[in-house]
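Below is one structure, written out as structure tokens; the observations come after it.
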Protein chains: 2
Amino acid sequence: ISGLGMKVRMFLKQAWDMGANDPRKVIHCIKVGLALTIVSLVYFMRPLYDGVGGNAMWAIMTVVVVFEPTVGATLYKCLNRVCATCLAGFLAVGVHWIASQSGDRFEPLVVGASVFILASIATFSRFIPSVKSMFDYGAMIFILTFSIVAISGYRVDKLFDLAHQRISTIIIGTSLCILVIMLVCPIWSGQELHSLTVRNMDKLSDSLDGWFRCVTQYFTNSNGEDDQKLQGYKCVLSSKASEESMANFARWEPSHGRFNFRHPWKQYLKIGASMRSCAYCIEALNSCINSENQAAESIKKHLSTSCLKVSSSSSSAIKELAESVKKMNKSPTIDLLVEEMNSAVEELHNDLKSLSHLLNPSTTAENQISATGLVPFMEIIPVVTLASILIEISARIEALVGS
Amino acid sequence: ISGLGMKVRMFLKQAWDMGANDPRKVIHCIKVGLALTIVSLVYFMRPLYDGVGGNAMWAIMTVVVVFEPTVGATLYKCLNRVCATCLAGFLAVGVHWIASQSGDRFEPLVVGASVFILASIATFSRFIPSVKSMFDYGAMIFILTFSIVAISGYRVDKLFDLAHQRISTIIIGTSLCILVIMLVCPIWSGQELHSLTVRNMDKLSDSLDGWFRCVTQYFTNSNGEDDQKLQGYKCVLSSKASEESMANFARWEPSHGRFNFRHPWKQYLKIGASMRSCAYCIEALNSCINSENQAAESIKKHLSTSCLKVSSSSSSAIKELAESVKKMNKSPTIDLLVEEMNSAVEELHNDLKSLSHLLNPSTTAENQISATGLVPFMEIIPVVTLASILIEISARIEALVGS
């Protein structure tokens, strides 16, 4: 029993920490409770309740299903739900009319066949990528409303009233959701995506920075890890899915803050992809530094200056880039930093060239190890290349934002 | 108008191709249609319809919402839905009883407050990772049922009947879904996860193989790309999210085929992670080979044999590993292949050591370039390390499967 008690306490502590770390989650929960309480007023006020004829539970259902943490996701679900319900409602009334004309015997057959065909087609459309990203939820609601209205037609006499009530309750629910989500501490997906990108850039530059310190240790042969910052690039590796869904929801948001309605969200995905390929390189670098083969002292000394210069200049270039994306303007110093980075790379190239003078062909072991030592420096070239791609992309974004 | 026609035709062609490529998607659509048509029989048969008192639409809703392509996902949703509905139904009846004891004036207040509190708590619990992976859907259904039943209590007199009908219609819907999904061409998440892992391993080994051919070209200076196989590792990079969700759903599946109920699904995630780190290395290798710096002829010749041996032996080791995971037994030759791979790596090391004899300290340019040429060979060491981790993990799985 004490083991169970411990588990429960651990669980509660975890939940409490989560709430304390991100108060917006707590606010979201309160918003859900608020919206539900407001929508239940429909039940408590007799004129409203009679107006929708006992179908008020659809409004509650809409609120529960549609309410999402970000504005974009909620708008996406609301619009999908309203459009799909209207479309399916009209279609179902049409099918019911056709079925009722075809006589008592064929009525169930016609209804059943139409449900079968339309449900299959709508389910199939959910697999198509372009439909999935925009109307996945809508297709599900379409099937739902169509089958309920069409099949109910067999038993319910006032079918048109049913469809009408369903649509009006859904509109009550969705408009309430939109009001609550946009007025009480709104969380915009676009804003989230923007800050995620900036945060990832910062992490990347921190990782490069940490790597820079790691290289220093590598050159001075001192030990002592600074893992926290070094591991930052792992977040960059795993953030693909959340970036995609946020960019998807951000498309539905109206203009807010510094973002317009048709903000180029897809550019953020491109930046994300470039950052991930940078992170792959850092991953490979890491395994090189942590490998057991160590370079010879003389080689290390020879290369350390230029190599450190490359890593620090590329780190500061990414940091500047993050800053300029954050402020959404083209930073005047970024070109300078890139120049600096490129010249550092040039210098490294030259150092590598002059390295061979140092090599003594008779000391085989040292030479072999020097090859290992070289890996990190050569590896940095793709990083630099990617950094310049990054810079290009961000310049393009800034042009778009500026216009 | 012709532009629109083209677009529509393109869209239809894309849909058709998708259906032709994966007939299981089409079968899934037909299954959805089938389940919906069967559930609508509830409406057409009078005794059944009267039994659930006009609440038959809940059964339709359950089918639409719960039906997922794989057995695991459907079972997860069904179990969550039934448990959450029962729990919420009982709680709501209890709250209604308390509220009705507190007098007419306080009744709306008590109901409203309980809805607000429970909805907030349930929403908060959806953010906790361990709850999210197991009961995300259940928490939503809990809020839904609780609010509908508790608030309806204010207007509907026979509240117990409402809760009872809702639970029985949901049980009708879920049991029908489970029957249809398991009897008509079932698609098991566990099976899917297994074949995805095998497929990814094959792709990885193909990529290594393609890279092997690429290295051959690199050594012989011939051009000619074989991109198709080479790009296979990119699938490995991007399959994290789908692996996780499949492993999550696979936990809910009963034993099927060669998989038991408590199959170690988490091991697949570990294999996936190892494969991804392999793929990162391949990515880094790729950028090395495609870089503009080319190694000198003499160095290339010297290293080509041992390097090719390493890449081909590691590729065949992964292929053998894929084969043994597929058949779920420990292959007798795998240890031999690993030995072979390790000896190939040893050989490469020795070749690197002897390389320095070839180096002429006066030809600086050549030496510098040789360093570039070395990168791919040193890079292979992490790949080999990771391959051995892979082998260890798979050996562990096989022990688990064998027991």
- prompt: residue B:256 versus residue B:17, label points 7 Å from Cα toward the beta carbon: distance in nm?
  reply: 3.0
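Counting only other chains, what is the mean number of Cβ atoms within 10 angstrom of the Cβ of each residue in peptide A:165-176? Before the final figure, lay out the partial values.
Details: counts 0, 0, 0, 0, 0, 0, 0, 0, 0, 0, 0, 0.
Mean shielding by partner chains, rounded to a whole number: 0.
Short version: what are the Cα gyration tensor semi-axes of the range A:33-182, square root of 5 times each eigenvalue, largest first, in whole Å?
Details: eigenvalues 161, 95, 15 Å².
Working from the Cα gyration tensor, I get semi-axes of 28, 22, 9 Å.
Please compute the average number of Cβ atoms from other chains found within 10 Å of each residue's Cβ in peptide B:142-153. Please report the intermediate quantities before stating the final value.
Values: counts 1, 8, 7, 2, 2, 10, 8, 1, 3, 11, 6, 1.
Whole-number average of other-chain Cβ neighbours for B:142-153 is 5.
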task: Express in Å², to the nearest 10, the accessible area of residue A:6 obtained by rolling a 1.4 Å probe over the protein heavy atoms while all chains stay in place.
output: 110
message: How far, in nm to one decimal, is residue B:83 from itself in the other copies if the label point is set 7 angstrom along Cα toward Cβ? Shortest first, please.
response: 3.7
query: In nm, one decimal, shortest first: how far is the label point of residue B:20 (7 Å from Cα along Cα to beta carbon) from the matching points in the other copies?
result: 6.1
query: How do A:72-78, B:9-15 rank on mean C-beta neighbours within 10 Å, highest first?
result: A:72-78, B:9-15
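Between residue B:38 and residue A:97, how high is the FRET efficiency from 1/(1 + (r/R0)^6) when r is the Cβ-Cβ distance and R₀ = 25 Å? Nearest 0.05. Write down the numbers at each step before the final one.
Numbers: r = 25 Å, r/R0 = 0.99.
So, using R0 = 25 Å, E works out to roughly 0.50.
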- line: Shortest first and in nm, the label-point separations between residue A:175 and its counterparts in the other identical copies (7 Å out along Cα→Cβ) come to 4.3
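Arranged from highest to lowest average of other beta-carbon atoms within 10 Å per residue, in what order do the peptides B:126-138, B:241-253 appear? Walk me through the numbers on the way to the answer.
Values: B:126-138: 16.8, B:241-253: 19.9.
Going from most to least packed, we get B:241-253, B:126-138.
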- line: Of the listed pairs A:77/A:132; A:7/B:240; A:240/B:7; A:31/B:77, those with alpha carbons more than 18 Å apart are A:7/B:240; A:240/B:7; A:31/B:77
- prompt: Counting only Cα, what are the radius of gyration and maximum Cα-Cα distance Dmax of the range A:82-156, in Å?
  reply: 13.0, 42
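Before we go on, tell me the buried accessible area for the A/B pair, both chains summed, 1.4 Å probe, in Å² to the nearest 100. Intermediate values should be presented prior to the final figure.
Numbers: alone 21420 and 21460 Å², together 35650 Å².
Rounded to the nearest hundred, the buried surface is 7200 Å².
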task: For residue B:185 paired with residue A:168, estimate the spin-label separation in nm (one decimal), with each label point 7 Å from Cα along the Cα-to-Cβ line.
output: 4.4
task: Along Cα→Cβ, 7 Å out, is where each label goes; now give me the distance between the ones at residue B:30 and residue A:9 in nm to one decimal.
output: 5.9
field: Backbone N within the range A:109-134 under 15 Å of label point (7 Å from residue A:266 Cα along the Cβ vector)
entry: A:130-131, A:133-134
message: I'd like the mean, over residues of B:122-130, of how many other protein chain beta carbons sit within 10 Å of each residue's own Cβ.
response: 6
message: How large are Rg and Dmax for the range A:161-200 when calculated on the C-alpha trace, in angstrom?
response: 16.3, 52
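The values are calculated or read from the model by the stated rules, or taken from the named source; none is laboratory data. What you are looking at is a predicted structure, and each value in this text was computed from that prediction instead of being measured. Here Cβ is always computed from backbone atoms with ideal geometry, including for glycine, and neighbour counts include all displayed protein chains. We work out accessible area using only protein heavy atoms, side chains counted, and drop any ligands, DNA or RNA first. Shrake-Rupley method; radii C 1.70, N 1.55, O 1.52, S 1.80 Å.
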